[in-house]
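Q: Quick one: the structure is below, and I'll ask about it shortly.
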Amino acid sequence: MLDIIQNSIFIEIAILLLLGTGLSILALKFKQPLLIVFILTGFLAGPAVLNIVHSPDLLKFLSHIGITILLFLVGLKLDLKMVKNVGTTALLTGLGQILFTALFGFWICRLLGLSSLISLYVSIALTFSSTIIIIKLLSDKREVDSLHGRISLGFLIVQDLFVIIAMIVFSAFGMDSQAEGGSIAMLLGSLLLLVVCLILFIKFFAERVLSFISKSSELLLLFAISLAMIMSGITELLGLGMELGGLIAGIALASTSSRDSIASRLSGLRDFLLFFFFVSLGLSIEFGALSSQIVPAVILSLFILIGNPLIVMIILGLLGYRKRTGFLAGLTVAQISEFSLIFLQMGEKSGHVPRDVISMVTIVGLLTIAVCSYMMMYSHQLYNILQKYLSIFEGRHTKRKVSEYKQFNYDIVVLGLGNYGQMIMEELKNQDFKVFGVDFNQENVNMMKKKGYDVSQADISDVESLSSLPILQSNVCVCVTTPSSYSALVTIDPRHILLQHLKNNKYKGRVVMRAGSNNEVDILKKIGVEIVLNPYQYSAKYLHMMLNRRKKLL
């Protein structure tokens, strides 16, 4: 039986998938990212434990395809128009975190006895945070659209840009570091030619080609995969590394109207093939080397888990954000990314990074991702415990904002300046009410300021932010923020925090609040909301009324 398993690649892959699936079920129970499970699957399947894998070359081949598609999808997200819209906060926070992690990471690696070149690779690898994991955790908590969620997603874009730059630079440096001047010039010339061809393709051909191909969904998927593989092959032949080819192929299609369709179709294939990449990483972890790797891995993990959140809190504090926003945003960078391991594999191909260093950083990934996941799941509880120690991360101009608006009395304060909130403010102002608006989205705030409204950016999930606003002096408080839960109020729901704030300060005005569903209407009324807005119900009634009118006319 054992001989059959060893001689059958199909059975070998089947057992790997079965093992990975079983461990993934356990991971869901303990709320851990599957990336950790995939690496553990490789470790358990390796020669140190079960000795299941006897076709490592096949796994490497599948993992290379997975990396190519992953990098293709990263490039696909980097539409130049989107990059231009990255806010100042995200840009400064992202660059600051990258610079801090790289410099101090390099210093720590040198103290651990690593050479300067290896320290450079490792320190840069430690600057990457996992977009997939952060978005998943924020989505699970319904915090993607919160203030700290938007800031986090903003500096993830900055990190993605840095990933591309780092891979381009180290591809050129790594693949031909021993070459003479002529070879290096040829390498740089090839890179420049690729960039020129990319710009021309985006400007003149990309949309036309995709408009024709997208008529067939099967052809669209085949074209996307073919382009990614062909570009990876070209950059590999040119000595730039296959990783760069996947990025270039994605960027080539990033500005097309078919981008989202391609991304949605490839995401499942990407996740399946990346399973083999992480299994391959797990296979490289050896029992014998663990004793020498565990201490430096723990030191680097503590640096990521503590140092990265601290620098984000410091930067956001200097930019005027409150300690709660800085703390919650800082937690999102308390782990390293799958790109960290891909980047180090590039170094291994170049002969710059030994296998045991990759194993050490893999352990760092396991530790930081596991701990960060729990830190983000219980972020609000952690903040409540630590908030009295976090005031040092707020800038002086942030604290001065507390009394800035309290000198004014407004008839009505509107919390939430999306389309619904803007319409409410405009209607109330037309009725000669003195209205004040609040939103966490700076774009919405700036838009309303241009129209002449009194508005402020604030996170109503933060009690201190609520205290800085002229809510308690108003006659009516209207909250139309998008509910974070559509079943019932939960403790992290901004509406719940607002109601507690009003109750604790014995607010005497009227409270108006938007419900997220019909089920919440009764709940909101029971806990003291005088007027409950249910846009969906109002829309249905309005539609019914209009149809009845039309029926009478007919």
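Q: Is it the case, given these coordinates, that S468 is surrounded by 20 or more Cβ atoms within 10 Å (Cβ to Cβ), under 19 Å from N518 (Cα atoms), modelled with pLDDT under 80 and touching a Lys or Arg at 6+ places or on another chain (Cβ under 6 Å)?
A: In short, no.
Q: Given the conditions (1) at pLDDT 85 or above; (2) of a type outside the set (D, E); (3) within 21 Å of V361 (Cβ to Cβ), which single one is not true for G96?
A: (3)
Q: List the helices (runs of 4 or more DSSP H) inside the range 246-346, counting only whole elements, that have at least 3 residues being within 30 Å of W107 (Cβ to Cβ) and either β-branched (V, I, T) or modelled with pLDDT of 85 or more (or both).
A: The qualifying helices (runs of 4 or more DSSP H) are 287-302, 308-318, 323-331.
Q: Report yes if some residue within the range 397-416 is charged (D, E, K, R), more than 30 Å from S116 (Cα to Cα) and at pLDDT 85 or above; otherwise report no.
A: yes
Q: Right, something else. Go through the range 421-453 and count every residue that is modelled with pLDDT under 85 and closer than 16 Å to V478 by Cα.
A: Final tally of qualifying residues: 1.
Q: Looking at the range 354-363, can you tell me whether even one residue there is assigned to a helix (DSSP H, G or I), under 30 Å from S468 (Cα atoms) and touching a residue at least 60 places away in the same chain (Cβ under 8 Å)?
A: Scanning the range 354-363 turns up no residue that is assigned to a helix (DSSP H, G or I), under 30 Å from S468 (Cα atoms) and touching a residue at least 60 places away in the same chain (Cβ under 8 Å).
Q: What are the pairs with Cβ atoms under 6 angstrom where one residue, in the range 446-474, is free of Cβ contacts under 8 Å to residues at least 60 places away in the same chain and the other, located anywhere, is outside any helix (DSSP H, G or I) and of a type in the set (S, T, N, Q)? Sequence gap at least six, or different chains.
A: Close Cβ pairs (under 6 Å, with a partner that is outside any helix (DSSP H, G or I) and of a type in the set (S, T, N, Q)) amount to L472/N505.
Q: Next question. Provide a single number: the residues in the range 110-161 that are part of a loop (DSSP other than H, G, I, E, B), over 10 Å from the mean Cα position of the chain (by Cα) and at pLDDT 75 or above.
A: Here the count works out to 7.
The values are calculated or read from the model by the stated rules, or taken from the named source; none is laboratory data. Note that this is a predicted model, so its numbers are computed, not measured. As a convention, Cβ positions derive from the backbone with ideal geometry for all residues, glycine included, and neighbour counts pool all protein chains shown.
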